[in-house]
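Take a look at the structure set out below.
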Amino acid sequence: MLQQYLPEGPDIKNIVLMGMGEPLANYQNVLKAIEIMTSDYGLGFSNRKITLSTCGLAPMIRQLGNDICINLAISLNAPDNEKRSELMPVNRKYPLESILAACRDYPMPGRRMLTFEYILMAGVNDSPADAEKVARLLKGVRCKLNLIAFNEYPGSPFKTPSPETIKTFQKILIRHHYTAMIRTSKGSDILAACGQLSGRKTATGGEITP
């Protein structure tokens, strides 16, 4: 429908499964959808133009690699198990060692690379020491990193790092020969940026509450 009705429709060349719940927890439906997207009798997209983003369900990463070859993005967000388990409880079931082992076995032909997404939160996971840990953690994995500044929202326990902090983090990764890109979010002015799935209402008396 987007291709048919939007002015930009003919230019839609990529599909990303992200921000819709964990795709690998809905595996059979997601796999069927990808098969339709890539079929000549479906949407006719190339496998190289489809990316699936996951929090890191290690066994399902392996299953995906066995069933179909598409791009894979993993939400990393921390340099070690202790910090990642605090931020992402799923890490207690699938720690970094199991995720990275699955990633190393994931088929990425040609020059394609895995993507690791890293949301930077001020004072939590954005220090130079954290960047050095990330560089060591991903050593030997053919990958690139997307650095995303945390988007604050009313009542958020986390804060957005300064631009200088983000640039320093990026420079450390680049010094270790990683491709590290700073992603720019849009829509924060209306609480619609990445990670801002929240709303506000006006309570009696005009108070704004999250």
Task: Any chance GLN28 is loosely packed, with under 11 Cβ neighbours inside 10 Å and either within 23 Å of TYR106 (Cα to Cα) or touching a His at 6+ places or on another chain (Cβ under 9 Å) (or both) - done: yes
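For every residue, the table says whether it meets (1) assigned to a helix (DSSP H, G or I); (2) within 15 Å of the chain's Cα centre (by Cα); (3) at positive phi.
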site	(1), (2), (3)
VAL16	no, yes, no
ASP40	no, no, no
ARG48	yes, no, no
PRO59	yes, no, no
CYS69	no, no, no
VAL90	yes, yes, no
SER98	yes, no, no
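This table checks each residue for (1) farther than 23 Å from PHE150 by Cβ; (2) basic (Lys, Arg); (3) modelled with pLDDT of 95 or more; (4) touching a Pro at 6+ places or on another chain (Cβ under 6 Å).
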{"position": "VAL30", "(1), (2), (3), (4)": "yes, no, yes, yes"}
{"position": "MET88", "(1), (2), (3), (4)": "no, no, yes, no"}
{"position": "SER98", "(1), (2), (3), (4)": "yes, no, yes, no"}
{"position": "TYR118", "(1), (2), (3), (4)": "no, no, yes, no"}
{"position": "ALA131", "(1), (2), (3), (4)": "no, no, yes, no"}
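Results for (1) of a type in the set (Asp, Glu); (2) under 15 Å from VAL134 (Cβ atoms), shown as yes or no for each residue.
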position	(1), (2)
ARG48	no, no
LEU52	no, no
ALA58	no, no
ILE68	no, no
ALA73	no, no
PRO79	no, yes
GLU82	yes, yes
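For the structure I just gave you, tell me whether LEU137 is at pLDDT 95 or above, open to solvent by less than 60 Å² (accessible area, probe 1.4 Å) and closer than 17 Å to ALA58 by Cβ.
Against the criterion (at pLDDT 95 or above, open to solvent by less than 60 Å² (accessible area, probe 1.4 Å) and closer than 17 Å to ALA58 by Cβ), LEU137 qualifies.
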Open item on the list: Within region 156-172, does at least one residue satisfy the condition of being under 20 Å from SER85 (Cβ atoms), out of contact with any Gly (no Cβ under 7 Å at 6 or more places or on another chain), in a loop (DSSP other than H, G, I, E, B) and touching a residue at least 40 places away in the same chain (Cβ under 8 Å)?
Closed with: no
Task: In region 48-101, residue most open to solvent (accessible area, probe 1.4 Å) [restricted to those that are more than 28 Å from PHE158 (Cβ to Cβ) and among the small types (Gly, Ala, Ser)] - done: ALA101
- [ ] Note down all Cβ pairs under 7 Å where the first residue falls in region 17-33 and is within 15 Å of THR51 (Cα to Cα), the second is surrounded by 13 or more Cβ atoms within 10 Å (Cβ to Cβ) and basic (Lys, Arg), and they're at least six residues apart or on different chains.
- [x] none
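The values are calculated or read from the model by the stated rules, or taken from the named source; none is laboratory data. No experiment lies behind these values; they were computed from the predicted model shown. Please note: Cβ atoms are built from the backbone with ideal geometry, for glycine as well, and neighbour counts cover all protein chains shown. Heads up: the accessible areas ignore ligands, DNA and RNA and are worked out on the full protein's heavy atoms, side chains in. Shrake-Rupley method; radii C 1.70, N 1.55, O 1.52, S 1.80 Å.
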